[in-house]
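The values are calculated or read from the model by the stated rules, or taken from the named source; none is laboratory data. Only a predicted model underlies this, so the values are computations on that prediction, with no experimental measurement involved. Here the Cβ positions follow ideal geometry from the backbone for every residue, glycine too, while neighbour counts run over all protein chains shown.
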Protein chains: 2
Amino acid sequence: MTARLLNGAALPLTDRGVAYGDGLFETLAVVRGRLRLLPLHLARLTRGLERLQITGLELAVVEATLCTLAATVLDSAALKLIVTRGEGQRGYTPPADPEPHWFVQQLPWTPPTDHTPPAAVRVSSVRLASQPLLAGLKHLNRLEQVLARLEHPAPAVDEVLLLNGQDQVVCAGSANVFCVRDGRLLTPAITDCGVEGVMRASILQACAAGHIALPAQVTTLTMADLLNADEVFLTSALRGAWPVSSIDAQPVRPGTVARQVAAYWRQQDGSSPVRVA
Amino acid sequence: MTARLLNGAALPLTDRGVAYGDGLFETLAVVRGRLRLLPLHLARLTRGLERLQITGLELAVVEATLCTLAATVLDSAALKLIVTRGEGQRGYTPPADPEPHWFVQQLPWTPPTDHTPPAAVRVSSVRLASQPLLAGLKHLNRLEQVLARLEHPAPAVDEVLLLNGQDQVVCAGSANVFCVRDGRLLTPAITDCGVEGVMRASILQACAAGHIALPAQVTTLTMADLLNADEVFLTSALRGAWPVSSIDAQPVRPGTVARQVAAYWRQQDGSSPVRVA
């Protein structure tokens with residue numbers, strides 16, 4: 001069934017979004033009326049819809065709605081899109097022909113600048129569970145991230161670093177992680193857990209295309225790799241590239257790459273929306 | 001903040017229940033006005049609230065509400081209770097003093113009988129991820145179960161059997177698993193994944209107290225253990241003890257223990273509600 005845009009401020013209590021976290025979300029940065037990294041958001045959303053077998057969401061309508069809302073933003077704001085499988089009866093089996101629900105919330109957000117203080121991060125004791133079927137997606141099952149933030153809440157802690165069961169670095173609570181070593185940009189593979197961030201994808205694309213003049217490599221990273229790196233930074237749609245100054249109070253070397261990446265990200269203001277069929 | 005019972009049929013779009021699956025649920029069987037296994041439901045809910053650090057839910061009020069609703073059920077029904085952390089702003093960190101939300105839905109349900117056909121189950125290709133911090137809880141992050149049911153939907157498939165990454169049996173999609181071997185009742189440990197079902201807990205208690213005349217053991221079970229068992233059955237608050245007749249079309253030996261356990265469960269109609277402080 002074609003998805004329904006929820007108008008008003010409420011979700012039906014029988015929505016599978018709340019019953020099972022059966023859905024996806026995207027949080028988009030808007031600067032002076034333009035959506036940043038929109039094609040990458042829509043691409044990730046499409047992957048999620050496919051993986052969860054949620055059909056009926058007309059991406060062109062979603063995109064047009066986001067652009068219309070963004071156009072009213074004179075300065076900056078975040079738009080949060082949530083898509084659920086829609087209403088259901090008791091039980092995990094979805095209805096035969098569900099009507100997905102979607103809605104958009106406009107939230108306050110101010111873009112970071114080169115004067116934004118670097119991040120002092122803490123390593124979470126929460127180890128991300130390995131679930132390749134859900135890895136990479138921005139789905140609505142986020143209790144691990146909630147537990148991590150209950151342990152180290154914002155704003156006292158800028159971000160939490162999340163490791164997997166093998167003590168490898170995966171990502172931050174709501175950001176991806178990069179480090180610089182020997183003139184290369186390194187970031188963990190997102191194959192068993194974690195979210196494939198749009199800013200991470202944008203950087204990997206920009207490196208491959210030569211717009212960022214460093215080679216990038218998706219690899220395995222340990223805490224020792226981060227602490228010995230030439231530079232560490234976090235990336236997300238709302239934070240751009242955010243330098244890390246310390247991990248569990250151990251200092252991390254400052255560098256210049258995060259600032260270059262942040263400048264590249266700010267240019268994305270002008271990226272024209274790409275139509276997704 | 002004290003939790004708020006949502007009246008009406010809608011959840012605020014800013015509720016963390018839909019944003020992150022940040023909450024818990026219980027599905028209770030009601031027969032002729034009485035709630036089955038209520039103390040065990042409330043005990044599991046309490047464990048979940050503690051683990052997720054959701055405070056402010058007055059359990060005595062929840063219990064009284066459930067009992068009031070149950071009293072109106074002349075025949076049988078299911079009551080589904082959902083508790084969320086309440087509304088929040090952007091980001092995983094909960095508000096300083098959130099107001100949890102809760103609501104109860106009455107759903108159609110008919111108790112199984114000794115004439116209910118046994119379950120033909122299929123093994124899911126979804127392997128449950130290991131997350132000891134969430135294991136046992138009936139939380140709202142249920143995408144693994146949804147994926148398992150997308151693969152083998154009800155009612156064509158009675159239930160799906162879920163294994164962990166080591167190919168050990170954990171539970172069914174919405175039930176626990178028991179088998180009988182050498183006069184003992186065996187069920188998998190729920191330490192790394194899966195839900196600690198109230199019916200499972202009731203059986204373990206009844207065996208320990210001698211109300212069920214078999215010793216019970218929480219252990220590790222493989223598919224071979226189930227296929228070679230004297231009997232296999234599924235347990236849940238709504239299904240009681242449900243004999244399994246086949247797993248992936250391989251026949252499972254029929255037995256008499258599930259029927260004895262089911263009879264014990266039906267007696268629970270008369271169990272008087274226990275007050276939880």
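Among the residues making up the stretch A:111-152, a single one is without any contact (Cβ under 8 Å) to a residue 24 or more places away in the chain, crowded, with 18+ Cβ neighbours inside 10 Å and not hydrophobic (A, V, I, L, M, F, W, C): A:Glu144. Counting the residues of the stretch B:207-261 that are assigned to a helix (DSSP H, G or I) and over 20 Å from B:Ser124 (Cα atoms) gives 8. For the stretch A:1-58, residues that are crowded, with 24+ Cβ neighbours inside 10 Å, small (Gly, Ala, Ser) and under 27 Å from B:Thr84 (Cα atoms) total 4. Scanning the stretch B:81-90 for residues that are free of Cβ contacts under 8 Å to residues at least 60 places away in the same chain and either over 23 Å from A:Gly21 (Cα atoms) or buried (at least 19 other Cβ atoms within 10 Å of the Cβ) (or both) returns a single hit, B:Leu81.
Under 22 Å from B:Glu50 (Cα atoms) and either modelled with pLDDT under 95 or assigned to a strand (DSSP E or B) (or both) - does that describe any residue in the stretch B:139-155? The answer is yes, given that some residue of the stretch B:139-155 is under 22 Å from B:Glu50 (Cα atoms) and either modelled with pLDDT under 95 or assigned to a strand (DSSP E or B) (or both).
Please find, within the stretch A:11-35, the residue that is nearest to the chain's Cα centre (by Cα) out of those that are β-branched (Val, Ile, Thr) and not in a loop (DSSP other than H, G, I, E, B). It would help to see each step written out before you state the result.
If we filter the stretch A:11-35 for residues that are β-branched (Val, Ile, Thr), which is where we start, we get A:14, A:18, A:27, A:30-31.
Checking which are not in a loop (DSSP other than H, G, I, E, B) leaves us with A:18, A:27, A:30-31.
Details: A:Val18: 20, A:Thr27: 7, A:Val30: 15, A:Val31: 17 Å.
That would be A:Thr27.
Number of residues in the stretch A:22-59 that are more than 28 Å from A:Thr110 (Cα to Cα) and within 14 Å of another protein chain (Cβ to nearest Cβ) equals 8.
Of the residues B:Lys80, B:Lys138, the single one that is of a type in the set (Lys, Arg) and within 30 Å of B:Gln166 (Cβ to Cβ) is B:Lys138.
Matching residues to (1) part of a helix (DSSP H, G or I); (2) modelled with pLDDT of 95 or more; (3) out of contact with any strand residue (DSSP E or B) (no Cβ under 7 Å at 6 or more places or on another chain); (4) farther than 21 Å from B:Arg47 by Cα:
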site	(1), (2), (3), (4)
B:Gln166	no, yes, yes, yes
B:Cys171	no, yes, no, no
B:Val180	no, yes, no, yes
B:Ile190	no, yes, no, no
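Scanning the stretch A:94-132 for residues that are of a type in the set (Ser, Thr, Tyr) and within 11 Å of another protein chain (Cβ to nearest Cβ) turns up A:Ser124, A:Ser125, A:Ser130. Looking at the structure I just gave you, is B:Leu186 surrounded by 21 or more Cβ atoms within 10 Å (Cβ to Cβ) and either within 14 Å of another protein chain (Cβ to nearest Cβ) or more than 30 Å from B:Arg16 (Cβ to Cβ) (or both)? In short, yes.
Picking from residues in the stretch A:63-92 that are part of a strand (DSSP E or B) and among the hydroxyl-bearing types (Ser, Thr, Tyr), the one that is farthest from the other protein chains (Cβ to nearest Cβ) is A:Ser76.
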